[in-house]
1. Quick check on the chain: of the DSSP beta bridges with both residues there, what percent are antiparallel, nearest 5%?
2. Taking amide hydrogens as modeled 1.01 Å from N in the peptide plane, which residues meet the under 5 Å criterion relative to residue 720, leaving out close sequence neighbours?
3. Over the Cα atoms of segment 614-656, what radius of gyration and what Dmax do you get, in Å?
4. Can you give the longest run of the chain that contains no GluC sites (Glu not before Pro) sitting in a DSSP loop with at most 13 other Cβ atoms inside 10 Å?
5. Over the chain, with the other protein chains present, what is the accessible area per residue in square angstrom, probe 1.4 angstrom?
6. What net charge do the residues around residue 180 carry, taking every other residue with its C-beta under 12 Å from that of residue 180, with Lys and Arg at +1 and Asp and Glu at -1?
7. Using the reciprocal of the averaged 1/r over all distinct C-alpha pairs, how large is the Kirkwood radius of segment 793-845 in Å?
8. Starting at the first residue of segment 68-85, write each ³J(HN,Hα) from the Karplus equation 6.51 cos²θ - 1.76 cosθ + 1.60 with θ = phi - 60°, in whole Hz, x for Gly and Pro.
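The values are calculated or read from the model by the stated rules, or taken from the named source; none is laboratory data. Since the structure is predicted, the reported quantities are computational estimates derived from the model, not experimental observations. A quick note on method: Cβ atoms are made from the backbone with ideal geometry, for glycine too, and the neighbour counts reach across all protein chains shown. Each accessible area value is taken on the protein alone, full model and side chains, heavy atoms only, with ligands, DNA and RNA left out. Shrake-Rupley method; radii C 1.70, N 1.55, O 1.52, S 1.80 Å.
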Amino acid sequence: MKIKNFFPVLLAVIGSFMVIQTIYAQNAVTSTVVPPADFFGFQPGTDRELFNYEKLIDYLKVLDSGSDRLKLVEIGLSPMLRQMYVAFISSAENIRDLERLREINRRLAMDPDIPASELESMITTGKVFVLTTLSLHSNEVAPAQAAPLIAYDLVTTGDPQKLEWLDRVVWMMVPTHNPDGMDMMVEHYMKYRGTKYEGSTMPGVYHKYAGHDNNRDFITLSLSDTRAVSSIYSHDWFPQVMVDKHQMGPTGVRYFVPPPHDPIAENIDAGIWNWVGVFGSNMINDMTADGLKGIAQRFMFDDYWPGSTETCKWKNVISFLTEGAGVQIASPVYIEPGELRVYGKGLSEYKKSINMPEVWPGGWWRLSDLVSYEISSTFSILKTASCYDKSILKFRNELCCSEVEKGKTQAPYFYIIPLQQHDQGELVRLVNLLREHNISVCQLTRDMEVQNSLYNKGDVVISLSQAFRPFIKEIMERQDYPVRHYSPDGEIIKPYDITSWSLPLQRGINAVEVNYPQEVLYEALEPISADFNLKGSSPASFDKIILSVEQNESYALAFLAYSLGLKVERLTASAVTEGSVYSPGGFVIHAGNNVSQVLKECSTDPIYISETTTLPVEPFHVPRIGLVESWFHDADAGWTRLIFDQYHIPFQVIRPGDFGTADLAKDYDVIVFPGEDKSILMSGKYKMGDEYFPTSYPPEFTKGMGDQGMEKLMTFLDNGGILVSWGESTELFAGPLIIKRNDTQKEDFKLPFRDISSTLKDQKVYCPGSLLKVNLIKDHPLTAGMPSQIGVFTRGTPVFATQIPIFDMDRRVIATYAEKDVLMSGYCENEEKLANQAVMIWLKKGKGQLVLFGFNPQFRASTQGTYKLLFNALLLNPLDK
């Protein structure tokens, strides 16, 4: 360049720079919002520093009061009654206009009949809402710890690019999906910080109930925090994009971004998957440009099953997860290059590949590193949403229209659920659950014939011609696992989690699929617009009520009535009254001061009877129940506690290490062992084969039952105690056992059963969490209220073989797998090998009883069809009665 031309160019560049700086300064927030480091006393992400949930919310409230770009909104309560929030972060104009934008979201998501001119205006003036949920799993601390940094940046920035994002996008941030667990985790870390146990695993579950399984509840909505988050995308705000931020182990890839690996859900529109790929491709590109390494796609995580926060994908939300490599909570880790490894789908070697184009070499890995990945990935997501804002908004309504049209032109067209069900209470709960998912549910206004079957006025009908059609179809139909292979006819790609979740099948509800067009049905439907129930008004006076043993709800009402001091009895024989026949085991509750509380919880009509009616009854006794829960993140025990609380069943938690000093016979009548590994229960250690492995728990939480505790458990059994066990814990009672009656007298014995799972595994039986068909024996206390054939949720183990007993022992096979068509829903290889095998047994030893399940009767609070088997086991009469 010639010298004479240089100065004009230089002046122009300087002038442009000054203009940009002026614009930046004008757009920057000049408020006195305090930076995160000043508020918390440390920069979030600093080694060995964490803030708890209350401090996080306090800071967001500071931003709310000090900035017009952030609004904090309450969304519900956690299980331990902490207030939950979503933070809206956007331009000041968008924040002021949230209600109008919310209505646009709702119309785009749910209205297939928007006039063209109005639709164009909505797309032009609407904004993309991006929902981000943080640190659902509370040991995955980085997303929540990064939240204040991202929020502060966005509410104070003058960067023109970020301001453009905020103009086009509304970022919705749930500061943590699990407030209770966040406080538990921070408290645990701080307790041991500076000791040799710094960074140790938190004992127990980091949630009131579910622990890690809180990410498996988005179909059944059993947990209040799940319901709060689900309502955001199902009822309240209808965001177009959603990301759930997680962490994984420290020795693999540094960060996972979408798209996922196969298999993927077949009910999801291709456009959703394509958009997931767009966001993921931009993430890996932007994060790499930011100098971040070790980012992988199409690795480990598949996306075929609903239940996680990403269940919103079945409701037409572009949704995905990210996973960052963790540290020791907040303590840094040094990772040798030779310790880096990958496994699972998508990466076979820790090498540069198309699924991980930039390899992280190893070295120190800190919370601050992970926080930087969280910030970069979040900004990439907002950038992508901003770049494609109008296309995303248009796509959301196109998907609504296409799904409604599919419901009119593709089978299934309807699901019909007759009112007459084995357990009508579960029908009521299913209808209300569907409505909680924002599914339109109707009833027939007249009797009519459909597909050569007669249905009655009042029967429940669900049309598939709805915006959320993918979700309806997914949860109502029988599951058929989408089998994919790594190579033609080669090894199958195994599922990441379970393969069955059908709500009707798992609840024992008869739902009929209508696979032919039925235009006349549309004319005979009346929407259910309020909470659904099947009860009328109670009479002015009555002496007692009878509750059917066929209904799960009856057990809950009986336990509730007992706790309220009401007189409760059980039928000892069939009873006919008011034209209805009640089976043995039914509950009789006498009127009293608190009976109105019981009636309030009824969803169906009990039978009201007068004082003169004589019934064959015996007193209802509530046993003293001990529930065994290890400290090793025992989520199965946590789900059991949830169900006991829901059904008003009193219990006390027993830790394995307490058995040695407990007086079991004095304190308990029934001891329940949920599914937990025998080595954890006995020794407080992990075991693989013949080798034990140390744990990362502080030592005071690694005590097992030991020989002394097992000795006391056998004494409890010998004195007439009842043991209830399922899954892995049943191994406690297989093989040689000893009852020590005093210093000189002991009895060696073996219960008359064995677990044949290993033999079946050798025969290539593989069941990764499916619903299998079983037959139940009749006229046994354990099967009271049950139909003769049901589905049970199982991972295929254990399976029992019984033997002819000796001495004072006995056994009965309560449930066996069906002879044919064992698989009801999901996936099972070589299912025929399970035919007629025992999967639930009753055992007797002297005065003691054991009930062993080869399946989870309460799996993740989602298998209501088998709840009564558990309740009946709790209520077994002692043998010496």
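1. In the chain, approximately 70 percent of DSSP beta bridges are antiparallel ones.
2. Placed amide hydrogens put 847, 848 under 5 Å from residue 720.
3. According to the Cα coordinates of segment 614-656, Rg and Dmax are 14.2, 51 Å.
4. Here the longest run is 1-265.
5. Value for the chain: 40 Å² per residue.
6. Cβ neighbours under 12 Å give a net charge of -2.
7. Every distinct Cα pair counted, the radius reaches 12.4 Å.
8. Using θ = phi - 60°, the values come out as 8, 9, 10, 9, 9, 10, 6, 10, x, 10, 6, x, 9, 6, 7, 5, 9, 9 Hz.
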